[in-house]
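> Pasting in a structure now, in structure tokens, and then I'll have a few things to ask.
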Amino acid sequence: LANKLIVLFSDFGLAGPYTGQMKAVLLRDAPGAAVVDLFADAPSAEPQPAAYLLAAYAAWFPPDTVCLCVVDPGVGGARAPLIVRADRRWYVGPDNGLFEQVLRRAAKARVWRITFRPAALSASFHGRDLFAPVAARLARGDKPPGEPHVPTRFPDWPAELGEIVYVDHYGNAITGLRAAALSPDARLGVAGRVLARMRTFSDVPVGAAFCYENSNGLMEVAVNRGRADAVLGLMVGSKLTVVP
Amino acid sequence: LANKLIVLFSDFGLAGPYTGQMKAVLLRDAPGAAVVDLFADAPSAEPQPAAYLLAAYAAWFPPDTVCLCVVDPGVGGARAPLIVRADRRWYVGPDNGLFEQVLRRAAKARVWRITFRPAALSASFHGRDLFAPVAARLARGDKPPGEPHVPTRFPDWPAELGEIVYVDHYGNAITGLRAAALSPDARLGVAGRVLARMRTFSDVPVGAAFCYENSNGLMEVAVNRGRADAVLGLMVGSKLTVVP
Amino acid sequence: LANKLIVLFSDFGLAGPYTGQMKAVLLRDAPGAAVVDLFADAPSAEPQPAAYLLAAYAAWFPPDTVCLCVVDPGVGGARAPLIVRADRRWYVGPDNGLFEQVLRRAAKARVWRITFRPAALSASFHGRDLFAPVAARLARGDKPPGEPHVPTRFPDWPAELGEIVYVDHYGNAITGLRAAALSPDARLGVAGRVLARMRTFSDVPVGAAFCYENSNGLMEVAVNRGRADAVLGLMVGSKLTVVP
């Protein structure tokens with residue numbers, strides 16, 4: 001399993017025991033797998049923006065990567081636990097819209113409802129008790145421990161989301177808009193301003209706000225050597241318009 | 001050592017070089033061990049609440065796990081450096097009360113004072129220079145590099161601590177009370193309110209405060225889709241009462 | 001590669017996908033290497049203080065460690081991508097002063113400009129697309145994929161930097177001054193006060209401010225069981241004087 005990649009995508013936050021306990025399960029059940037923290041601060045309890053973030057970033061990983069995805073405000077309730085196979089990658093997590101964009105964009109996808117049951121299942125931490133053991137089994141090459149399932153779909157969600165879905169450490173604000181879906185001349189309207197699209201930070205003066213295609217293909221709002229979130233008043237959920 | 005688990009419990013914080021330098025020592029001296037971050041934000045410089053948190057979370061890990069525990073405000077002073085074997089798990093850290101609850105709850109326990117001395121011992125970072133090399137040796141299966149020792153005990157500390165011992169990323173407030181030690185009908189008095197005990201988040205309305213047994217057996221105060229710490233004014237050290 | 005150490009030094013912050021994506025590349029190209037987070041919160045976009053921090057902390061790691069260093073405000077612009085071999089350690093990162101102190105202090109050093117080009121190179125994330133694949137190749141034992149290069153030098157920078165270069169989780173403020181370069185009796189002038197040099201925290205009363213040689217040989221300003229940054233108003237860039 002030395003090359004097998006398990007990627008973590010959650011809203012657990014950076015602190016606390018949750019990610020560590022999931023990793024202990026993964027390393028117990030899939031020894032030697034490479035476990036990588038992608039996001040531990042995905043939009044908290046908000047499957048919609050998380051879905052656009054996940055679809056853009058998961059697509060960067062190689063085939064057979066297992067994405068363990070826990071943005072799960074309904075844990076312990078009725079939502080189904082899912083396994084998704086989409087474009088040769090595996091996804092494990094709750095049936096709450098988190099995989100909506102992965103499913104839509106996939107050339108080929110299959111979905112299972114998890115039937116695996118652990119010896120002990122807590123009411124509030126299915127990431128550790130249910131999703132992690134399943135992710136480990138998929139990393140080991142086991143068949144999906146589930147039965148075919150039709151997931152809940154969200155047909156009203158747009159193909160491209162004109163909202164901020166993540167604000168990073170530098171204050172750069174990532175949108176749910178794929179650069180490839182926009183005209184090359186398109187600009188972004190945000191906070192009463194229209195921002196030109198540039199190639200990267202060093203192409204604009206210090207302090208200038210702009211938008212650009214980030215390293216994962218999403219449009220991102222930034223300020224060279226400044227914080228776009230502070231300058232423009234942006235947070236997860238802030239709206240943007242595409243100005244053709 | 002592919003399956004050997006070393007768990008980190010500290011108040012080092014998430015940032016800074018301390019955890020990374022400890023991991024470098026662990027991976028040098030116990031190559032192939034699985035090193036998992038459990039808490040890097042245990043109660044800062046407060047061995048008492050940390051002791052209740054540690055005892056509850058360490059018990060979740062399998063036999064022979066090595067817990068490297070550094071909440072050590074007296075580093076460089078007179079407190080002894082310890083190795084503890086309790087219920088088949090190893091603990092390494094300072095003799096300042098951090099292991100009080102682990103020792104009390106153990107069916108069987110032994111304690112050594114570390115006699116191992118590294119080539120270079122800094123005055124302020126025994127986690128890296130002393131405790132990590134010892135933890136690595138235990139993970140490798142070496143005998144405890146120490147001599148039998150009677151640790152400092154804290155008989156005045158209660159069996160169950162009616163205080164908040166940790167506030168997580170969601171604002172949930174973990175107490176030092178074990179659910180199994182309370183009557184199933186018991187409620188918690190906190191911040192002038194009495195909170196009913198429920199199964200999990202999805203069993204209460206959005207915005208409702210409640211208490212429940214968390215996934216490690218501790219009573220926890222929470223608000224469904226809200227922050228209990230903000231709503232109820234809780235932080236580490238806030239007091240609670242058990243309402244029978 | 002089980003013992004091969006790759007150390008990460010960046011200003012990416014703790015959150016977000018950047019470190020995780022770099023690790024995925026490292027583990028893909030150098031399977032089995034031990035990847036350790038040293039600093040993810042090096043001085044943001046400030047190569048000068050970062051250079052003093054890096055030189056002090058990288059020197060602690062064993063020979064042949066690969067340090068992947070990304071404090072790179074000019075990413076996508078004209079600055080060269082470098083490989084440095086200094087005192088038997090490898091460094092990979094931008095030519096912007098980040099390696100100035102490593103180069104000055106090395107008994108022997110060589111520098112290459114990276115000529116390796118990945119299949120896809122983003123404009124804004126050379127850490128993932130360029131520096132990480134090169135670091136992995138060095139960890140594997142490949143020859144440096146570059147050509148000999150004369151790096152930009154910063155002769156005006158002092159040998160010892162009388163500034164705060166890092167504030168840690170406890171509020172301790174690390175300076176760019178090496179303890180070994182100061183007289184043993186030297187004190188530090190900071191925020192209108194003169195601080196005596198002590199051995200460690202437990203040697204001063206609770207609440208007392210002092211300075212001491214930290215576990216990596218840098219002078220550090222601290223308050224026993226308090227926050228030096230808050231008590232003395234310190235942040236990265238705050239000035240200090242040496243009082244002989």
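The values are calculated or read from the model by the stated rules, or taken from the named source; none is laboratory data. Treat the numbers as computed from the prediction; the structure is a model and nothing was measured. Quick reminder, even Gly has a Cβ in these numbers, built from the backbone with ideal geometry, and neighbours come from all protein chains shown. In case anyone asks, the SASA skips ligands and DNA or RNA and just uses the protein heavy atoms, side chains included. Shrake-Rupley method; radii C 1.70, N 1.55, O 1.52, S 1.80 Å.
> Heavy-atom accessible area per residue, segment B:78-123, 1.4 Å probe: how many Å²?
Ligands and nucleic acids excluded, the figure is 42 Å² per residue.
> At A:ARG117, label 7 Å along Cα→Cβ: distances to the other copies, nm, ascending?
Going from nearest to farthest copy, the values are 5.9, 5.9 nm.
> Hey, another quick one. Report the dimensions of the protein assembly as shown along its three principal axes from the alpha-carbon atoms, largest first, rounded to Å.
72, 67, 47
> Another question, then. Quick one: of A:LYS4/A:LYS143; B:LYS4/B:LYS143; A:LYS23/C:LYS143; B:LYS23/C:LYS4; C:LYS23/C:LYS143, which pairs are farther than 23 Å apart, Cα to Cα?
Cα-Cα > 23 Å for A:LYS23/C:LYS143; rest within.
> Now for a different question. Where does helix B:47-58 land angle-wise versus the long Cα axis of chain B, in degrees 0 to 90, nearest 10?
90
> Relative contact order (percent) for chain C, with alpha-carbon contacts under 8 angstrom and 6 or more residues of separation?
Rounded, it is 17 percent for chain C.
> What gaps in nm, shortest first, separate A:ARG193 from its twins in the other copies when you place the label 7 Å past Cα toward the beta carbon?
Sorted ascending, the copy-to-copy spacings read 4.1, 4.1 nm.
> Still on this model: Between A:ALA230 and B:ARG225, what is the spin-label point distance in nm, taking each point 7 Å from the Cα along the Cα→C-beta axis?
Going from the A:ALA230 label point to the B:ARG225 one covers 3.2 nm.
> Provide the percentage of antiparallel DSSP beta bridges, counting only those with both residues in segment C:168-244; round to the nearest 5.
Taking every DSSP beta bridge with both residues in segment C:168-244, the antiparallel ones total about 90 percent.
> Something else about it: Residues of A:114-123, mean number of Cβ from any other protein chain within 10 Å of their own Cβ, rounded to a whole number?
2
> If you place +1 on the Cβ of every Lys and Arg, -1 on the Cβ of every Asp and Glu, and leave all else neutral, what size is the dipole of the protein assembly as shown about its Cα centre, to the nearest 20 Debye?
1640
> Taking a point 7 Å out from Cα toward Cβ as the label site, list the nm distances between A:ARG104 and the same residue in every other copy, smallest first.
Listed shortest first, these distances are 5.4, 5.5 nm.
> Related question: I'd like to know how chain A sits against the 2.2 N^0.38 Å rule of thumb: what's its Cα Rg over that expected value?
Expressed relative to 2.2 N^0.38 Å, the Cα Rg reads 1.05.
> Calculate one ³J(HN,Hα) per residue across segment A:228-244 by plugging θ = phi - 60° into the Karplus curve 6.51 cos²θ - 1.76 cosθ + 1.60, and present them in order as whole Hz with x for glycine and proline.
Result, rounded to whole Hz: 5, 4, 6, 5, 10, x, 9, 8, 4, x, 4, 8, 10, 10, 8, 9, x.
> Using a 1.4 angstrom probe on heavy atoms only, work out the carbon and sulfur share of the accessible area of segment B:1-136 in %.
Its accessible area is 51 percent carbon and sulfur atoms.
> Report, in deg cm²/dmol and to the nearest 500, the calculated mean residue ellipticity at 222 nm for chain C, where each DSSP H run with n ≥ 4 adds -39500 (n - 2.57) and the sum is divided by the residue count.
-5000 deg cm²/dmol
> Suppose a student asked you for the relative contact order of segment A:113-244, using Cα pairs under 8 Å spaced at least 6 residues apart; what percent would you report?
Relative contact order here is 24 percent.
> Using the Karplus curve 6.51 cos²θ - 1.76 cosθ + 1.60 with θ = phi - 60°, work out ³J(HN,Hα) for each residue of segment A:162-170 in order, rounded to whole Hz, and write x for Gly and Pro.
x, 9, 6, 10, 6, 10, 8, 4, 8
> Give the average, rounded to an integer, of partner chain Cβ atoms located within 10 angstrom of each Cβ in B:46-55.
0
> Counting only Cα atoms, I'd like the Rg/Rh figure for segment C:108-169, Kirkwood definition for Rh.
Result: Rg/Rh = 1.09.
> What residue of chain C has the nearest C-beta to the axis that moves C onto B, and what is that distance in Å, given as a whole number?
Reported as residue, whole Å: C:LEU14, 3.
> Take every residue in peptide A:23-34, count the Cβ atoms of other chains within 10 Å of its Cβ, and give the average of those counts.
The mean count of partner-chain Cβ atoms within 10 Å per residue comes to 4.
> What are the radius of gyration and Dmax of segment B:149-244, computed over its Cα atoms and given in Å?
13.7, 52
> Still on this model: Tell me the relative contact order for segment A:133-206 as a rounded percent, counting alpha carbon contacts under 8 Å between residues six or more apart.
This gives 14 percent for segment A:133-206.
> Something else now. What are the ³J(HN,Hα) values, in whole Hz, obtained from phi via the Karplus relation 6.51 cos²θ - 1.76 cosθ + 1.60 with θ = phi - 60°, for each residue of segment B:185-193 in sequence order, with x given for Gly and Pro?
8, 4, 10, 10, x, 8, 6, x, 10
> Starting from a Cα-only point model with no solvent, please compute log10 I(q)/I(0) by Debye for segment A:1-108 at q = 0.23 1/Å.
Values returned for q = 0.23 Å⁻¹ are -1.39.
> Can you give me the accessible area per residue for segment A:159-244, using a 1.4 Å probe, in Å²?
42
> Find the Cα radius of gyration of segment B:51-189, compare it with 2.2 N^0.38 Å by division, and give the number to two decimals.
So the Cα radius of gyration is 1.13 times the expected 2.2 N^0.38 Å.
> Local charge sum around B:ALA228 (other residues, Cβ-Cβ under 13 Å, Lys/Arg +1, Asp/Glu -1)?
0
> Can I ask one more? Taking a probe of 1.4 Å and counting only protein heavy atoms, give the total accessible area buried between chains C and A in Å², rounded to the nearest 100.
2100
> Projected onto the charge dipole of segment C:135-244 (+1 at Lys/Arg Cβ, -1 at Asp/Glu Cβ, origin at the Cα centre), which of C:ILE164, C:SER183, C:ASN224 gives the Cα projection farthest towards the positive end?
C:ASN224
> State whether segment A:1-64 is rounded, prolate or oblate according to the following rule on the C-alpha gyration tensor (a ≥ b ≥ c being the square roots of its eigenvalues): a/c under 1.5 gives rounded; otherwise a/b larger than b/c gives prolate, and the remaining case gives oblate.
oblate
> How big is the antiparallel share of DSSP beta bridges in the protein assembly as shown, given as a percent to the nearest 5?
In the protein assembly as shown, DSSP labels about 70 percent of beta bridges as antiparallel.
> Over 5 Å intervals from 0, what percent of Cα-Cα pairs in segment A:59-102 sits in each interval?
Histogramming segment A:59-102 at 5 Å steps yields 5, 23, 33, 21, 11, 6, 1 percent.
> Given R₀ = 45 Å, FRET efficiency for A:ALA80-C:THR241 by Cβ-Cβ distance, to 0.05?
Computed FRET efficiency for A:ALA80 and C:THR241 comes out at 0.10.
> Name the long-range amide H neighbours of A:LEU195: under 5 Å, sequence gap of 5 or more, or other chain; modelled H, no Pro or chain starts.
So A:LEU195 has HN proximity to A:LEU188, A:GLY189, A:VAL190.
> Using unit Cβ charges (K, R positive; D, E negative) and no other charged atoms, how large, in debye to the nearest 20, is the dipole of segment B:80-194 about its Cα centre?
480
> Rounded, prolate or oblate, given the Cα gyration tensor of segment A:135-182, with a/c below 1.5 counting as rounded?
Since a/c reaches 1.5 but b/c is at least a/b, the shape of segment A:135-182 is classed as oblate.
> Taking K and R as +1 and D and E as -1, what net charge do the other residues with C-beta under 9 Å from the C-beta of C:VAL25 add up to?
For residues surrounding C:VAL25, the net value is +1.
> Roughly how many debye, to the nearest 20, is the charge dipole of chain B about its Cα centre, given +1 on each Lys and Arg Cβ, -1 on each Asp and Glu Cβ, and no other charges?
580
> Carbon and sulfur together cover what percent of the accessible area of segment C:172-240 at a 1.4 Å probe radius?
Whole-percent figure for carbon plus sulfur exposure: 53.
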